[in-house]
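Student: Have a look at the structure that comes next, please.
The values are calculated or read from the model by the stated rules, or taken from the named source; none is laboratory data. No experiment lies behind these values; they were computed from the predicted model shown. Here the Cβ positions follow ideal geometry from the backbone for every residue, glycine too, while neighbour counts run over all protein chains shown. With ligands, DNA and RNA removed, areas are computed over all heavy atoms of the protein, side chains included. Shrake-Rupley method; radii C 1.70, N 1.55, O 1.52, S 1.80 Å.
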Amino acid sequence: MTPADPATTTDSRLPLYLDCDTGVDDALALAYLAATPAVDLLGVGSVSGNVDAATGARNTLDLLALLGRSEVPVAVGAHDPLAVGYRGGAPHVHGDNGIGGVVLPPAAGQPVDESAAELLVRLAQENPGRLRVLAIGPLTNLALALRLEPRLPELVAEVTIMGGAALVPGNVTPVAEANIHNDPEAAAEVFDAPWPILLAPLDVTMEHVLTERHRQQIMAVDHPVAPYLGSMLAPYFTHYADVFGEPACAMHDPLAAALAVGALRIGSAPTVAAVVDAGDGPGRGQTVCDLRGRHVGHPEQPGAHCRVVLTLAEPFSQHLVATLQRLAPSVTPSTPALTVVGSINLDLTAVGERLPSAGETVGGATLHRQTGGKGANQAVAAARLAGRSRFIGAVGHDDDGTRMLGDLTAAGVDVSSVATVDAPTGTALIVVDAAGENQIAVCPGANARVDLAGIDLADDETVLCQLEIELDVVVEAARRHRGYFALNAAPARSLPAELIERCDLIIVNESEYALIPELARAALVAVTYGGDGSALYRDGVRIAEAPSLPTQVVNTVGAGDAFCAALVLALRAGHDDATALAVANAVGAHAVADSAAQPHFASLEHYLSGAAATS
């Protein structure tokens, strides 16, 4: 289904009522609907499930405000199931507040005076034969609406339900899925009513998984709701880690939302008789779908009105991400200030009075654990100096990789091109002394698996590489990229002539310059000299220099990386060689005075103005 144009009139869109228990995946479904112009979301009702109905309504109001849809009415629905009291929700899955403990900006709006059941009935009466109902929580409100208006099945075009398990196990008992199990009596009434049902059971929702890479892509969307969605997904991923063997999650509710609006190609979805076990035995809450005809093509079953989606004909994960990306303003995507291809490491840093000599143990150090790696440091510096950067690299399927991708995203780095691979996230073992000098041993891990397959490098991107990833990858990047290409040739190693000739700029420190004599023939080389400043060499001839700035040295680990990012940005912004060096020196001085490998820099303009004032 091709999404409708945003200018489509209300009458041509799909009128939809959403009934939900706003937890983490409900929030994704709500964002999906808001990003789908073909949908006219007429109202939302809350029901107790993941959280109580009142909390669900508040979550919904706050999310709608972030989505720019505060005009959508929200009604508080049933607090208790039909036959028993509310049992407290699922804080172990969705957090105490239903959305992973994330605190949303409070919206000014309040729930309407109607109950959810009353809102549903009114909307059905106002849109007879057209209204679609999407239920992604327990079905209590729908059952109450049926009791209010027995003709409701005649007024509703279709009911899409996320719930049940047809051929697969349940997720709260061996046979029952949570939404149905939370109120089997209500579900039984809803399934018995003679309206068309499109059922999205665990059979299909558990087969389409949202991964950490998708989460990072969502967080990178230029919209106020995106970082909140990404943050609430993190603990949700943790819950599912034991299910999928990695931080990831099933996409129950957004998949049901996509089915409700006709946005997905369905693989297998027979229309069969379906009932709910509302008894008190071990089958309580089971959705019993008559699939006995599956070996003979599912012959027609007289009176059946439940279409059970068993498979899709296309993957859903990227469809969800692409739809959420439509939330961003409709502008041509901006080119990142800098694209960094390189390493990302967990930095385990011991800060002590002095560095150990060979065979010596030095005690009394303090351990720090933070995101590092030359590539990640440079990408973060570029994002903080210029507002946006892109990072291409790899992390492992582990908690360290997940956390560090979150750190980069929070810093403004686009990590959608970072792969998650079957290797441990890279680790750097660092010792720093009281003077800021250091010793570093790097375990590359996932950095050795960086791969440019499927990665596009636009001609107008400025690309910066280092040598903490495989040299073959650096050479491939240089060959493929037709725009400005810079190389931080660290750690020092012999470089092929092809790579040196391709580089528009090579950056090294004084020691690395001495260790790589072939740099004497490079077109443009920047060399840092610590307290003696920095210089630029063209074909081996010094053409510009800038003094260092006085500063207190705390940590030199990320200073060179900050210098690299700043120098490339300043040169690409058109500043003369001496000014660019002075700006990079100022940024490097800020870095060495900070204990973090990824300091919180001011904008590049701030350091430019400082360089101008001291020149």
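Student: Can you tell me which residue in segment 361-383 is nearest to Ala394 (Cα to Cα), limited to those that are open to solvent by less than 60 Å² (accessible area, probe 1.4 Å) and more than 23 Å from the chain's Cα centre (by Cα)?
Tutor: Residues of segment 361-383 that are open to solvent by less than 60 Å² (accessible area, probe 1.4 Å), as a first pass: 362, 365, 370-383.
Filter once more, keeping what is more than 23 Å from the chain's Cα centre (by Cα): 362, 365.
Values: Val362: 33, Ala365: 30 Å.
This residue is Ala365.
Student: Please go through segment 463-496 and give me each residue that is closer than 20 Å to Val527 by Cβ and either in a loop (DSSP other than H, G, I, E, B) or open to solvent by 10 Å² or more (accessible area, probe 1.4 Å) (or both), ordered by number. Walk me through it before giving the result.
Tutor: Residues of segment 463-496 closer than 20 Å to Val527 by Cβ: 464-468, 474, 484-495.
Hits for segment 463-496 are Leu467, Glu468, Tyr484, Ala489, Ala490, Pro491, Ala492, Arg493, Ser494, Leu495.
Student: Turning to a different aspect of this structure: Using beta carbons and a limit of 8 Å, which pairs, at least six apart or on different chains, have the first residue in segment 26-46 and surrounded by fewer than 24 Cβ atoms within 10 Å (Cβ to Cβ) and the second one of a type in the set (Phe, Trp, Tyr)?
Tutor: Note: pairs meeting the criteria are Leu42/Tyr17; Gly43/Tyr17.
Student: Give Leu327, Leu367, Leu320 a once-over and let me know the one that is in a strand (DSSP E or B) and over 19 Å from Ile455 (Cα atoms). Show your work before the answer.
Tutor: Values: Leu327 fails: in a strand (DSSP E or B); Leu320 fails: in a strand (DSSP E or B).
Testing whether each residue is in a strand (DSSP E or B) and over 19 Å from Ile455 (Cα atoms) leaves just Leu367.
Student: Condition check: over 29 Å from the mean Cα position of the chain (by Cα), surrounded by fewer than 18 Cβ atoms within 10 Å (Cβ to Cβ), farther than 17 Å from Val275 by Cβ and touching a residue at least 60 places away in the same chain (Cβ under 8 Å). Does Pro128 satisfy that? Walk me through it before giving the result.
Tutor: Details: over 29 Å from the mean Cα position of the chain (by Cα): yes; surrounded by fewer than 18 Cβ atoms within 10 Å (Cβ to Cβ): yes; farther than 17 Å from Val275 by Cβ: yes; touching a residue at least 60 places away in the same chain (Cβ under 8 Å): no.
Taking the combined requirement at face value, the residue does not satisfy it.
Student: Sticking with this structure for a sec: Condition (residue is touching a residue at least 40 places away in the same chain (Cβ under 8 Å), in contact with a His (Cβ under 8 Å, 6 or more places away or on another chain) and farther than 22 Å from Arg572 by Cβ) applied to segment 418-426: is it met by at least one residue?
Tutor: yes
Student: Another question about this same structure. So if I check each of Ala411, Ala358, which one is surrounded by fewer than 23 Cβ atoms within 10 Å (Cβ to Cβ) and under 20 Å from the mean Cα position of the chain (by Cα)? Spell out how you get there, then give the answer.
Tutor: Details: Ala358 fails: under 20 Å from the mean Cα position of the chain (by Cα).
The match here is Ala411.
Student: Sticking with this structure for a sec: For Pro81, indicate whether it is open to solvent by less than 50 Å² (accessible area, probe 1.4 Å), part of a loop (DSSP other than H, G, I, E, B) and touching a strand residue (DSSP E or B) at 6+ places or on another chain (Cβ under 6 Å). Steps first, please.
Tutor: Working: open to solvent by less than 50 Å² (accessible area, probe 1.4 Å): yes; part of a loop (DSSP other than H, G, I, E, B): yes; touching a strand residue (DSSP E or B) at 6+ places or on another chain (Cβ under 6 Å): no.
No, not satisfied.
Student: If I filter segment 219-227 for residues that are farther than 21 Å from Asp21 by Cα, charged (D, E, K, R), open to solvent by 40 Å² or more (accessible area, probe 1.4 Å) and modelled with pLDDT under 95, do I get at least one hit?
Tutor: yes
Student: Quick one: how many residues across segment 502-511 are open to solvent by 10 Å² or more (accessible area, probe 1.4 Å) and modelled with pLDDT of 95 or more?
Tutor: 2
Student: Now a separate question. Let me confirm something: among Gly43, Gly23, which residue is of a type outside the set (Ser, Thr, Tyr) and modelled with pLDDT under 95? Please lay out each step first, then the result.
Tutor: Values: Gly43 fails: modelled with pLDDT under 95.
Answer to the selection: Gly23.
Student: Can you say whether Met232 is touching a helix residue (DSSP H, G or I) at 6+ places or on another chain (Cβ under 6 Å), farther than 14 Å from Leu320 by Cα and touching a residue at least 12 places away in the same chain (Cβ under 8 Å), as far as the supplied structure shows?
Tutor: yes
Student: Name, by its number, the condition in (1) on the phi < 0 side of the Ramachandran plot; (2) open to solvent by less than 50 Å² (accessible area, probe 1.4 Å); (3) of a type outside the set (A, V, I, L, M, F, W, C); (4) not in a strand (DSSP E or B) that does not hold for Gly436.
Tutor: Looking at each condition in turn, Gly436 falls short on (1).
Student: Would you point out which residue out of Leu569, Leu581, Leu519 is part of a helix (DSSP H, G or I), surrounded by fewer than 22 Cβ atoms within 10 Å (Cβ to Cβ), in contact with a strand residue (DSSP E or B) (Cβ under 7 Å, 6 or more places away or on another chain) and not charged (D, E, K, R)? It would help to see each step written out before you state the result.
Tutor: Numbers: Leu569 fails: surrounded by fewer than 22 Cβ atoms within 10 Å (Cβ to Cβ); Leu581 fails: surrounded by fewer than 22 Cβ atoms within 10 Å (Cβ to Cβ).
Leu519 is the lone residue from the list that is part of a helix (DSSP H, G or I), surrounded by fewer than 22 Cβ atoms within 10 Å (Cβ to Cβ), in contact with a strand residue (DSSP E or B) (Cβ under 7 Å, 6 or more places away or on another chain) and not charged (D, E, K, R).
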